[in-house]
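The structure appears right after this line, and notes come after that.
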Amino acid sequence: DIVSILKDAEYKKIFIDSVQFEEVQSLSKKIIESNYTINLTPRDISVYIELPKTYDEYLANLGKKKRHELKRKLNKFTKEFSEYEILKGDNKDQFISFIELHKNSSKEKKEFMTKDVQDFFYRLLNIDGWTIYLLFVKGEVVAGNFCFENKEALYLYNSGKNQRFDPFSVGIYLTHHLIKESIEQKKKTFDFLKGSERYKFDLGGVTKQLYDIEIKKYEDTAD
C-alpha cells in the first residue's frame, strides 16, 4: 500500500530496507501505473527454512552431517537436564527475563540493548503476534527467543542466552523446539530474518537476497 500512501502524502521519496524480491515485484507493478520511480539495491541476506509437512522430512533435509551434529547437541542437553520447561508469553516478567538474557549473551548485544532499544522491543511486544519463548532448566531461565508469528510463519527476530550454559547448546535446543513446533502447527516458513550466523545454516536454513528500495516521485524536467 506504500504507493497509495505516497499519493496522499507530501513526501517526495521514501526509503525501505530489507525487502524480499517477491515484494519488490508486487510493488513494481504499482509503480509502473504511477508517477513514481523505484531504485533497487541488493544489500543484506535473510536465512529461512521452507518447512516440510513432517519433522522426519525436516531431519532428512538437513543431510547426514548436520543431522548427526544436531542430534548430538540435543542428546547432550537432555542427558544433562532431564527436566526442563519452555514457556511462551508477553508479560512484563518474561520481557525482563529476555532483556537480561540478551544483554548477557555477548558484549555486542549488551551494547546494542540500550534503553531506547528496550523501549522499542517492549512496544513490539504489545502488538498482536509478538511473543517471547523462554527455556528454563532447574528453575533458571537459560535461553530466550523474541518472535513474531502467524498461521503461515514464525519469524525469529532476536535471541538471548545464559553463557554459562553454552556447553549444552541451550539456544540451539530452544530454536530447534520452535522449528519442530512450527512444523506440527503446519506453518510454511521458519524465518531467521537478517544475518548469516552459522547456527541458522546448521539448523537447515538457506539464504534469500534482500533489497533496499528508494521510491520517489518522477520529476519531468522537459521544457
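Points to keep in mind about this one:
- Apart from one condition, Phe77 fits all of (1) out of contact with any Leu (no Cβ under 8 Å at 6 or more places or on another chain); (2) over 24 Å from Leu59 (Cβ atoms); (3) buried (at least 16 other Cβ atoms within 10 Å of the Cβ); the exception is (2).
- Subset of the range 160-198 that is closer than 12 Å to Tyr48 by Cα and either among the aliphatic types (A, V, I, L, M) or in a helix (DSSP H, G or I) (or both) - its residue that is least open to solvent (accessible area, probe 1.4 Å): Ile179
- Single residue of Pro42, Pro52 found to be within 26 Å of Thr189 (Cα to Cα), modelled with pLDDT of 95 or more and not in a helix (DSSP H, G or I): Pro52
- Residue match in the range 131-147 (condition: modelled with pLDDT of 95 or more, in contact with a helix residue (DSSP H, G or I) (Cβ under 8 Å, 6 or more places away or on another chain) and open to solvent by 40 Å² or more (accessible area, probe 1.4 Å)): no
- Taking the conditions (1) open to solvent by less than 40 Å² (accessible area, probe 1.4 Å); (2) more than 20 Å from Ser196 (Cβ to Cβ); (3) out of contact with any Pro (no Cβ under 6 Å at 6 or more places or on another chain) in turn, Tyr58 satisfies each one other than (3).
- Single residue of the range 96-150 satisfying the filter (of a type in the set (D, E, K, R) and in contact with a strand residue (DSSP E or B) (Cβ under 8 Å, 6 or more places away or on another chain)) that is nearest to Asp191 (Cα to Cα): Glu149
- The range 111-144, residues that are touching a residue at least 40 places away in the same chain (Cβ under 8 Å) and under 17 Å from the mean Cα position of the chain (by Cα): Trp130, Thr131, Ile132, Tyr133, Leu134, Ala143, Gly144
- Each residue in the range 61-74 was checked for being among the charged types (D, E, K, R) and open to solvent by 70 Å² or more (accessible area, probe 1.4 Å), and 5 of them qualify.
- Candidates in the range 199-221 are the residues that are outside any strand (DSSP E or B), within 14 Å of the chain's Cα centre (by Cα) and in contact (Cβ under 8 Å) with a residue 40 or more places away in the chain; of these, the one that is surrounded by the fewest Cβ atoms within 10 Å (Cβ to Cβ) is Phe201.
- Considering the conditions (1) open to solvent by 90 Å² or more (accessible area, probe 1.4 Å); (2) part of a strand (DSSP E or B); (3) not hydroxyl-bearing (Ser, Thr, Tyr), Ile14 is excluded by exactly one of them, (1).
- Within the range 83-105, the only residue that satisfies the criterion of being open to solvent by 60 Å² or more (accessible area, probe 1.4 Å), within 13 Å of Val142 (Cβ to Cβ) and either among the hydroxyl-bearing types (Ser, Thr, Tyr) or within 18 Å of the chain's Cα centre (by Cα) (or both) is Tyr84.
The values are calculated or read from the model by the stated rules, or taken from the named source; none is laboratory data. All values derive from a computational prediction rather than experimental measurement. Positions of Cβ are generated from backbone atoms using ideal geometry, with glycine treated the same way; all protein chains shown enter the neighbour counts. For the accessible areas, the whole protein counts, side chains as well, though only heavy atoms, and no ligand, DNA or RNA atoms are used. Shrake-Rupley method; radii C 1.70, N 1.55, O 1.52, S 1.80 Å.
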